[in-house]
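Notes follow the structure.
The values are calculated or read from the model by the stated rules, or taken from the named source; none is laboratory data. Treat the numbers as computed from the prediction; the structure is a model and nothing was measured. Here the Cβ is made from the backbone with ideal geometry for all residues, glycine too, and neighbour counts use every protein chain on show.
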Amino acid sequence: MTITAGPESGLTTGLFIDGAWSHAQDTFADLNPATGELLAEVSSGSAADIDRAVVAARAALEGAWGATPGVARGALLHRLADLVERDAAELARLEALDVGKPVGQPGMLDIPNAVATFRHFAGWADKIQGATIPTAGYLGMAPTHSYTVREPVGVIGAIVPWNTPLMIAAWKLGPALAAGNTVVVKPPEDAPLSILHLGTLIAEAGFPAGVVNIVPGLGETAGAALVAHPGVDKVSFTGSPEVGRLIQKAAADTFKRVTLELGGKTPQIVCEDANVEQAIQGIAMGLFFNQGEVCAAGTRILVHRSHYDTVVNALAQAADAQVLGDPFAETTTMGALINAEQQCRVLAYIEKGKAEGARLVAGGGSPDEPGFFVRPTIFADVDNGSTIAQEEIFGPVGAVIPFDTVEEAIAIANDTDYGLAATIWTQNVSLAHTLASKVRAGAVWVNGWAAIDPALPWGGMKASGIGRELGWAGIVANTEEKVVTIVL
Ligand code: NAD
C-alpha cells in the first residue's frame, strides 16, 4: 500500500483554529494499522493551542455566530452534508487507511451516517422551541406570563475516539451547531485524517471563522487541556470508561456539563423461537464489523440451549471464513486493529479466555504478517462471570453462553457493568417487548444489530455513559433551558 495521506497528498495535517490552518510545535506519528508504516506526521496540539481554539470559539459565539438565525445554521449544515457526500470516496479512503478497516465499511456506514446526521440536525436548527407554561401568579398580587427558551450551552469540547472518527465527530458537531454552539474538536491521535479533511469542508461550506476549531493532539495533553479549560462550557466525550471517569472528575472543577458515550458488552439473545439463520448472520456482523472495534459490538452471545450447537458451529465457520488483509483489496472482509497496543491487549484477552476454561472454537491468534491483525475468535461454554464476558475487549472476540429460560437470559444479559445496547432474536412479538423492557441498555434492537439512526437518541446506562446524543435528545443535550416570567 503506498503512503498517500502525508503532506505530499495535499491533506492538511495541522491545526484548524479560527478559520485558518497552522502547525503546532510538535508532531505525532500516525501509523497505517494494516502495515505498521508511517502514514503522516500530524500536528500535536499543546495546551496553548487549545487555549487559542477556545478563545476563537468564544469570540465566534459572542460575535456573528451568536446572531446567526437557526434557518441560516441549518443551511450551512445542509451545505456541509453535500460536501461530505461529494467527498464520500475520499473520506472512506482516509478512514480505511487510518483505521485499518475494509474500505467498503466506511462507504456503507460511517460516511452516509455522517451525511444523514448533518442533514437531520440541519432540519432541527430552526425548530428549537420552548413552551408557554400556565402559572398561578405572583404571590397572589398579579398574574404572570411564563415561557421557556432553549439557548446554546456555549463552547463545546468534542473528544472523539478512533474507531469511527468521522461519524462520531458528526454526532457531536451536528446537534451542537444546530443549537447554535461553537465547538473545539479533539480528533483521536490514532486516526485523525478524516476529521482534518472535514475541517477543509467546514471552511468550504462557509461556517464563520472560530465556529468549528479542530486541534489534533494527544489525549493527556490536548484532550486534558480541553477538559480543564475554564472557557469550555461542556465536554462531549466518546471513548473508554477509564478516560470517561477522568473527564467527569476533571469537569467537576469548573461545573462543565458532560455527555459521556463509553464502552459496552452488548448481549445478543437468541430465543427458542428465533429465526436462527437470520440471527447467525446478524451476530456475525455484530462481532466482526469494524474488526469488532465497535462500542455496541455484540460480544456476549446468549443462546437458547436448543440452538446452542448450531450457533456455536455456524459462528466458528463465519469466523474462519473472514478474510483478513489489505483494507483496499476486494476480497478483504476484516482489517487490522488500530495499533500494536490494541493487538497485544486483544491477544492477552484471548489467552485469558483459554486460561479461564472457555472452549476456543475458532481463531485465537495473529497471522504471521505485518500489520496489527488478530484472527476472528469465538469462545464457547463461556461463564458470564469470566474476564472475557465481563470486560470490553474491543476486538473480534465473541463469547457464546447457553441459557434454558427467558428469566435466565435476562439475568445473564444484565449481569454486566455495561448497558449500551442489546439485540434480541425472536419471532414472538410479546417476548420481544418483554425482553426489551427487562434489559438494562440504552438501545434494544429486535432481529437486527446496530440499527442506529440520527433521529434516535443514543447513549448508555450504567458504565456505558451519561446522557444521550442524536435526535431531539441531542438538541436537549446541547442547550440550556431558560425560564422567563413576566409579572403582568
Ligand atoms: P480513549 O478513551 O482512549 O480515547 C478517546 C479520546 O479521548 C481520544 O481522542 C483520546 O485522545 C482522548 N483522551 C485520552 N486521554 C484523555 C484525557 N486524559 N483527557 C481528555 N481526553 C483524553 O478511547 P479509544 O481507545 O479512542 O476508543 C475506544 C473506546 O471508545 C471503547 O471503550 C469504546 O467502547 C468507546 N466508544 C464508545 C462509543 C459510544 O457511542 N458509546 C462509540 C465508539 C467508541
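Odds and ends about this structure:
- Qualifying residue in region 433-443 (condition: farther than 26 Å from Thr387 by Cβ and assigned to a strand (DSSP E or B)): no
Listed here are the residues, each with its yes/no results for (1) closer than 18 Å to Asn113 by Cβ; (2) touching a Gly at 6+ places or on another chain (Cβ under 8 Å).
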| site | (1), (2) |
| --- | --- |
| Tyr418 | no, yes |
| Thr423 | no, yes |
| Leu431 | no, no |
| Leu456 | yes, yes |
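- The numbered conditions (1) surrounded by 18 or more Cβ atoms within 10 Å (Cβ to Cβ); (2) assigned to a loop (DSSP other than H, G, I, E, B) are all true for Arg52 except (2).
- Strands (runs of 3 or more DSSP E) (entirely within region 193-310) containing at least 1 residues that are surrounded by fewer than 19 Cβ atoms within 10 Å (Cβ to Cβ): 257-261
- Residue among Asp368, Asp383, Asp404 that is over 27 Å from the mean Cα position of the chain (by Cα), without any contact (Cβ under 8 Å) to a residue 40 or more places away in the chain and over 30 Å from Gly107 (Cα atoms): Asp383
- Being modelled with pLDDT of 95 or more, under 21 Å from the mean Cα position of the chain (by Cα) and within 9 Å of the ligand (Cβ to nearest atom) holds for only one residue in Leu260, Leu173, Leu177, and it is Leu260.
- Failed condition for Gln278, given (1) out of contact with any Lys or Arg (no Cβ under 9 Å at 6 or more places or on another chain); (2) closer than 23 Å to Asn163 by Cα: (2)
- Qualifying positions in region 388-443 - among the acidic types (Asp, Glu) and surrounded by 21 or more Cβ atoms within 10 Å (Cβ to Cβ): Glu392
- Subset of region 180-192 (residues that are within 8 Å of the ligand (Cβ to nearest atom) and either at positive phi or part of a loop (DSSP other than H, G, I, E, B) (or both)): Pro187, Pro188, Glu189, Asp190
For (1) within 13 Å of the ligand (Cβ to nearest atom); (2) over 18 Å from Lys438 (Cβ atoms); (3) touching a Ser or Thr at 6+ places or on another chain (Cβ under 9 Å), each residue gets a yes or a no:
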{"site": "Asp273", "(1), (2), (3)": "no, no, yes"}
{"site": "Gly286", "(1), (2), (3)": "no, yes, yes"}
{"site": "Gly292", "(1), (2), (3)": "yes, yes, yes"}
{"site": "Cys295", "(1), (2), (3)": "yes, yes, yes"}
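- Of all residues in region 106-115, none are touching a residue at least 24 places away in the same chain (Cβ under 8 Å) and not in a helix (DSSP H, G or I).
Let's see how each residue does on (1) among the small types (Gly, Ala, Ser); (2) surrounded by fewer than 18 Cβ atoms within 10 Å (Cβ to Cβ); (3) more than 24 Å from Gly180 (Cα to Cα):
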{"residue": "Ala81", "(1), (2), (3)": "yes, no, no"}
{"residue": "Pro102", "(1), (2), (3)": "no, no, yes"}
{"residue": "Ile111", "(1), (2), (3)": "no, no, no"}
{"residue": "Gly137", "(1), (2), (3)": "yes, yes, yes"}
